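Asker: Here it is, the structure in full.
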């Protein structure tokens, strides 16, 4: 723990050290949880589940050879030296050897070694090893869904093993035999086969009402007509964001719309599909691919040129890094995060921010999914420093940031909230507390939910919001032209008028 704590913003006081080290360890926290993790378990006989798991494993290795290459390499080079432990916030809180990332990876690597290599099969015959048992499947499920898949451990592994990739594969295999948290299954089912086609079950009429209300709100607050276009064919950008933003993050959406208004670029929200969430990243490659194809179909229907992703870390990562894989390769539409779009617009002088509006101390939390690969690190900081006079940096940050504690989809599992806020998010809470900031900018839907619960449970006085929440406070919008005013009055309600034939 010491190596991690030393890298925070300042040394601990004696009182802070006592409080940090007296945090309940994992067994105590788990006993206080309202329920154990509820798994959506298919009706397989317990004795039959190991056989089904191995059949699925064999199929995945056959049809996804890259997984075999990775496992074969990891199996040969793994040293289980536990250096990754120093980078893991969960192990730092529990000191439980079962929470060391390389131990977690070994759960799956040992199955691969035993059942899918010649040497493993021969060794099993000599030693009389009966093979995979159902108890190990349950251990894998509990272990893999304690992990936040933040990938911080990857930087500490001397052999370069991506433990989060192994965790993802383990979750994928378990999901194929029906072992996956119900919270993920329920949301994904509504998105894939439900009437609303989104994880929050928001019907189109409700979306339209929300967007019209936001437009009216901006008009009242800024005196400018700022539309949320729907089904604008041929627009430059199609906008996907975490659908929960339409219910819970009004200020973020208003800030994004204000930025698009200021730049003048054409954009649209699709009426047939408008959810950027992709829980497939958390447990199933099949689900991930299906959701990306839904995004592609909507982009092609509206004949847009680019995909614009809102403030959501995992939505941005799945679209940026996996959309080309599943949706056209080199010919796939470019994917841009709203964070990099806004930073570029600011540099080009297309948006103006008043530096006198936000005077409180502001800090920034790096969402793992966009910061860990080094994709989005400096862009939001440049924007914040342009108009926030008291910007305070957390440390470590950027690619080595500390996870919020709810990554890898764990934030969606409400029954493990005590674990998320007392164990996996404990270091992040102390890190935010030390900055003394009034606002913590966390441009990710999952991070916002987790950090708000973390601030509440850990008693930290800090407001969690998005980058565009603050931008909305400070942005300077030019008044509407006469033509814009006339058009807005003539087409009252066109803010959100879906194309003919759209679902209602």
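The values are calculated or read from the model by the stated rules, or taken from the named source; none is laboratory data. As the structure is a computational prediction, the values presented were derived from the model and not from experiment. In this analysis, Cβ positions are derived from the backbone assuming ideal geometry, glycine residues included, and neighbour counts consider all displayed protein chains.
Asker: Within segment 229-240, is there a residue that is under 21 Å from residue 346 (Cα atoms), out of contact with any helix residue (DSSP H, G or I) (no Cβ under 6 Å at 6 or more places or on another chain) and surrounded by 22 or more Cβ atoms within 10 Å (Cβ to Cβ)?
Answerer: Yes.
Asker: Residues to consider are 318, 268, 252, 263; find the one that is touching a residue at least 24 places away in the same chain (Cβ under 8 Å), farther than 25 Å from residue 368 by Cβ and buried (at least 20 other Cβ atoms within 10 Å of the Cβ).
Answerer: From the options 318, 268, 252, 263, the qualifying one is 268.
Asker: Also, I was wondering about something else. Could you list, in sequence order, the residues of segment 348-386 that are within 17 Å of residue 260 (Cβ to Cβ), surrounded by fewer than 17 Cβ atoms within 10 Å (Cβ to Cβ) and touching a residue at least 12 places away in the same chain (Cβ under 8 Å)?
Answerer: 350, 352
Asker: For residues that are over 14 Å from residue 363 (Cα atoms), part of a loop (DSSP other than H, G, I, E, B) and in contact with a strand residue (DSSP E or B) (Cβ under 9 Å, 6 or more places away or on another chain), tally how many sit in segment 413-459.
Answerer: Counting residues in segment 413-459 that are over 14 Å from residue 363 (Cα atoms), part of a loop (DSSP other than H, G, I, E, B) and in contact with a strand residue (DSSP E or B) (Cβ under 9 Å, 6 or more places away or on another chain) gives 1.
Asker: Output the number of residues of segment 137-148 satisfying the condition of being closer than 21 Å to residue 177 by Cα, crowded, with 17+ Cβ neighbours inside 10 Å and touching a residue at least 60 places away in the same chain (Cβ under 8 Å).
Answerer: 5
Asker: Limited to segment 472-503, what total is found for residues that are modelled with pLDDT of 95 or more, surrounded by 18 or more Cβ atoms within 10 Å (Cβ to Cβ) and touching a strand residue (DSSP E or B) at 6+ places or on another chain (Cβ under 7 Å)?
Answerer: Total satisfying the criteria: 2.
Asker: Would a scan of segment 397-409 turn up a residue that is without any contact (Cβ under 8 Å) to a residue 60 or more places away in the chain, surrounded by fewer than 20 Cβ atoms within 10 Å (Cβ to Cβ) and not assigned by TED's automatic domain parsing to the domain that holds residue 148?
Answerer: Yes: one or more hits.
Asker: Additional query: Looking only at segment 42-72, filter to residues that are assigned to a loop (DSSP other than H, G, I, E, B) and under 29 Å from the mean Cα position of the chain (by Cα); which one of those is farthest from residue 131 (Cα to Cα)?
Answerer: Of everything passing the filter in segment 42-72, 64 is farthest from residue 131 (Cα to Cα).
Asker: OK, next. Consider residue 105 carefully, then state whether it is under 23 Å from the mean Cα position of the chain (by Cα) and at pLDDT 95 or above.
Answerer: Yes, satisfied.
Asker: Now for a separate question. Any residue in segment 225-238 that is outside any loop (DSSP other than H, G, I, E, B), at pLDDT 95 or above and closer than 15 Å to residue 469 by Cα?
Answerer: no
Asker: Could you grab me the full set of residues in segment 195-207 that are surrounded by fewer than 21 Cβ atoms within 10 Å (Cβ to Cβ) and either assigned to a helix (DSSP H, G or I) or not assigned by TED's automatic domain parsing to the domain that holds residue 297 (or both)?
Answerer: Scanning segment 195-207 gives 204, 205, 206.
Asker: Kindly indicate whether any position in segment 112-124 is touching a residue at least 24 places away in the same chain (Cβ under 8 Å) and surrounded by fewer than 16 Cβ atoms within 10 Å (Cβ to Cβ).
Answerer: Yes, segment 112-124 has at least one match.
Asker: Let me ask something else. So is residue 244 on the phi < 0 side of the Ramachandran plot and either more than 23 Å from the chain's Cα centre (by Cα) or free of Cβ contacts under 8 Å to residues at least 60 places away in the same chain (or both) or not?
Answerer: Answer is no for this residue.
Asker: Would you say residue 76 is assigned to a helix (DSSP H, G or I) and at pLDDT below 95?
Answerer: yes
Asker: While we're looking at this one, here's another question. Would you confirm whether or not segment 73-96 contains a residue that is over 22 Å from residue 289 (Cα atoms), under 29 Å from the mean Cα position of the chain (by Cα) and free of Cβ contacts under 8 Å to residues at least 12 places away in the same chain?
Answerer: Looking for residues that are over 22 Å from residue 289 (Cα atoms), under 29 Å from the mean Cα position of the chain (by Cα) and free of Cβ contacts under 8 Å to residues at least 12 places away in the same chain, one finds at least one in segment 73-96, hence yes.
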